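Okay, structure first, notes after.
The values are calculated or read from the model by the stated rules, or taken from the named source; none is laboratory data. A quick note: this is a predicted structure, and the numbers were derived from the prediction, not measured. When we count neighbours, we look across all protein chains shown, and the Cβ atoms used for this are built from the backbone with ideal geometry, even at glycine.
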Amino acid sequence: MKKEQVVNCQFSVWYPTFKKHTIKSLILPLPQNVIDYLLDDGTLVVSGREEPPSHSQNNDSGEEEEIQWSDDETTATATAPEFPEFTSKVQEAINTLDGSVFPKLNWSSPRDANWIAMNSSLQCQSLSDIFLLFKSSDFIAHDLTQPFIHCNDDSPDPKINYELVLRKWCELIPGGEFRCFVKENKLIGISQRDYTQYYDHISKQEDDTCRSIQDFFQENIQYKFLDEDFVFDVYRDSRGRVWLIDFNPFGEVTDSLLFTWEELTSGTNLRDENCGGETTEQDSPAFRYTTSDVTVQPSPCLSYRIPRDFVDLSTGEDTYKLIDFLKLKKNQQDDESDEDM
């Protein structure tokens, strides 16, 4: 995967070309002070609220909100910064998109952080909703800090102008989402996007689904994207119409879902599960989906809902943490024994 391929998958690069085939969206430049706020681990409060919560306080400098907490030894204060001009632009864009949006940066959405939202959804109606998701997302942090980490060329990192992408909110059924893999401008594989669940309609509509995605690719995408190797996501609605959702680099930074990257890069073992119907070797991608015989799996994003330390402890991946944990438990038991005496 080359750095140029990653650059070409930025939303603002491909959206003008494929605008009529995807969801209506608006793109806003991300100011540097907003980027700094998103990367600041020390800022615990969320900026962008229209009204401070009942426990907030306004200080003399007009800062947006202040939260205090204390114990017997320390008192700490965290203050959310204000971005009045940016807040106004974002709210205007949200209103233009009918009041609810799906937010993302140049590449990623904060889908690993939907658990923290009040509605467990990526639907946002204000800048504070967006900030809450962004500051809780490892995917967003990856975009901001190391977008080229999996690239294998030694050229200098291209300069990135970070942008907030606001997409009109649409209720998409997870069973209608598919990821498509393109190598040398040929569609070689289609995978169910939400592979952790079994959807009965996919198996019943296998041939129609595959054909409609193939037709959409050949008519609207093939030879029109800037690279010949890439990944794109689509949504097939209840009427059978296919919509473009996103583009992703053809490489390990992108989840290969029901394929492996070894299969995709080598091109072997893909034709075992071709779409139905009379298709030729050239235009018959492998179509993979979860069947009723496969055990439903937990979502891969669940690991983002608890601190990494707990994950390492439960899996035994970090032996030093396990040793420290056992020492802590022993000390607690010794303290309890002393108190009993």
### Query
Is there any pair with a first residue in the stretch 18-34 that is aromatic (Phe, Trp, Tyr) and a second that is part of a loop (DSSP other than H, G, I, E, B) whose Cβ atoms are under 8 Å apart and which are 6 or more apart or on different chains, and what are they?
18/224
### Query
Out of all the residues in the stretch 205-246, which are touching an Asp or Glu at 6+ places or on another chain (Cβ under 9 Å) and in a helix (DSSP H, G or I)?
214, 218
### Message
I'd like to know if the stretch 184-201 contains one or more residues that are at pLDDT below 95 and not in a loop (DSSP other than H, G, I, E, B).
### Response
yes
### Summary
Out of (1) touching a residue at least 12 places away in the same chain (Cβ under 8 Å); (2) within 24 Å of the chain's Cα centre (by Cα), the one residue 220 does not meet is (2)
### Message
Kindly evaluate residue 29 against the criterion of being modelled with pLDDT of 70 or more, not hydrophobic (A, V, I, L, M, F, W, C) and not assigned by TED's automatic domain parsing to the domain that holds residue 220.
### Response
yes
### Query
On the given criteria, is residue 278 at pLDDT below 95, under 18 Å from residue 188 (Cβ atoms) and not in a strand (DSSP E or B)?
no
### Query
Among the residues of the stretch 153-183, how many are of a type in the set (Asp, Glu) and either modelled with pLDDT of 95 or more or closer than 15 Å to residue 248 by Cα (or both)?
2
### Query
Which members of the stretch 145-170 meet the condition of being closer than 15 Å to residue 26 by Cα and β-branched (Val, Ile, Thr)?
165
### For residue 205: the one exception among (1) buried (at least 17 other Cβ atoms within 10 Å of the Cβ); (2) farther than 18 Å from residue 6 by Cα; (3) of a type in the set (S, T, N, Q)
(1)
